[in-house]
Every structure is written in C-alpha cells, then in structure tokens.
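Data first, discussion second: the structure below is written as structure tokens.
The values are calculated or read from the model by the stated rules, or taken from the named source; none is laboratory data. Keep in mind it's a predicted model, so treat the numbers as computed, not measured. Cβ atoms come from the backbone with ideal geometry, glycine included; neighbour counts cover every protein chain shown. Only protein heavy atoms, including side chains, enter the accessible area calculation; ligands, DNA and RNA are left aside. Shrake-Rupley method; radii C 1.70, N 1.55, O 1.52, S 1.80 Å.
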Amino acid sequence: MRLHLHLLSDSTGETLENIAKAALAQYDDVETIRHFWPMVRTEAHLERILGEIAQNPGLVIFTLVNSQARATLEQRCRALGLPAVAPLDGVNDALSGLLGQQAKARPGRQHMLDAAYFARVDAIQFTMAHDDGIGAEDWEEADIVLAGVSRSSKTPTSIYLANRGYKTANIPIVIESPPPASLFSLAHPLVVGLTTSADRLIQVRRNRLLSLNQAPETDYVDQEAVSREVAFARRMFADNDWPVIDVTRRSIEETAAAIIALVVERQGAA
C-alpha cells in the first residue's frame, strides 16, 4: 500500500518525524511517500503546502501553535476529506488541566539556546574527541565510557548518547592490546560493556570488509578467533563488575535507552 504522509511543523519538525516513525513501525508493507514541511510560519507558506496536499492526498500530521494557521489547515483538510492529526493536543490539554494554565503557543520553544543546549553541544564535542580509545587522559570527565570488541556499535551509540547530553568515550577491547590501566580506576563515569553474539559480529565485520574491498577471510572474521574475543571482553566486564548490554538484537536507540536507565539508576542510588 502507498501512503502520502504530510508532516507540517512551525519548528524543526523533529518531534513529528519521531512520532510518525514510531507509528509507522507498527504496520507492514506500507510504502510511505513523506512530504516534510518544517518552519511553517506564514500564510503564504501554508497555502503552497495546501496545494501540494491537494495534489498528493494522504495523512496530515501537524504541530502548529498559531490558531489561525491550525484552523485554515483543518478546514481545508476537511474539505479534501483528509485526516489532519495534531498529536500533541492531548498532552497539552492534560497539562493545561493539571497546571491550571494555557500553553503559551510559542513555536520551537524546546529548541531555545539554553544551558541544556550548550551542554549538549559540549557533550557532542567531547564524544567526537574521545572515540575509539582516544584521549584516555580525559576519561574521568566523561559521563559514560563504553567498552566492547570491534564493531559492537560503540561509536554510533556514543554519538546518540552525546545528542542526549551525555559526554561519552569509547574503547575497543582487543586481546593483543589491553586497555590503559586508568580504565579500571575511573570514578565519575559509568563504564558499560557492550557485547554481541559471535555470529552476528562476524556478519557485521564481513560486511565491513567487503565495503572496504578487503579480503573477507581473516582472523577478524574467524569463528574461533571472534568467539575468543567476545569471551575475553565478557570476562573483563565481569571481573570489573561493569554492567553489560547485549546489542545483538537491539537498535542503537534501544541500547542508548538502556544505558541512560543505568545512569539514572546510579544517580538515584548515589
């Protein structure tokens, strides 16, 4: 089935994209043609978009705080016989009832350049500078240190965590090259071990070698060698009492969510 999906936002549209992605994940065999319309703040812009919607009818999902723009969009969609959904309305209504005040109708308020924004930028810069074992002398400044064998999703998970505001370093665990001693005496950061099944690791590594036009038959993808690597890393995690997350069947987002839960749990215990 083919679906035209129109996402309209008076800000960056990040919230809408996440909502649409989460909802569409529940359906199979849907070919989605996405029309993304961020920063919709003028009547002329909205009129151009409405013309596109009329030509490509489908589901309209929007976050518009301007009451006149909302009314225009909803009226035109009704005339076209198209559903128009404002997914944050229910949340705002509930908050208004509980707080006893009306929402301020300020587009993009969550993207203000506040202290949290600059902390997130700082976290991203730190993380990029401490990838793959670099900058061990600064690891004590990190919030999280990820350890794991090669191709266990350390770097993408680190970047995701950085975008959530966590300074994250990562270190590959290699049998022939032990990590620096400072890794085992860190006090501030939470050290988390990432592991995966040997079969999955071999598959990922083989695909990586092929993408680099390198021979896919080396110790890097040898079953016995890889199993030995994974076991070595697991022993290190257990010996140091580090929490371990198996990323075999987890997405980057799921792995990061599990790590954040561990950080919050640790902070609560402290």
Length added when fully stretched, Q102-A187, from 0.36 nm per residue minus Cα-Cα: 26.1 nm
The chain, accessible area per residue, ligands and nucleic acids excluded (1.4 Å, Å²): 58 Å²
Of A257, A198, A86, the one that fluctuates the most in a GNM where the chain has Cα springs shorter than 10 Å: A86
Amide N of region 8-51 lying under 20 Å from the label point, which is placed 7 angstrom from the Cα of R249 along Cα→Cβ: 25-28
Percent carbon-and-sulfur accessible area, region 1-86, ignoring ligands, DNA and RNA, probe 1.4 Å: 51 percent
Cβ crowding within 10 Å averaged over residues, with 168-181, 116-129 ranked highest first: 168-181, 116-129
Charge dipole magnitude, Cβ of K and R +1, D and E -1 - the chain, Cα centre, debye nearest 20: 800 debye
Cα centroid of region 142-220 to Cα centroid of region 29-93, whole Å: 42 Å
Full-stretch length increase - A215, D138 - with 0.36 nm per residue and alpha-carbon distance subtracted: 24.1 nm
Efficiency of FRET between A54 and E176 - r from beta-carbon atoms, R0 41 angstrom, step 0.05: 0.05
Fraction of accessible area attributable to carbon and sulfur, region 205-270 (%, probe 1.4 Å): 48 percent
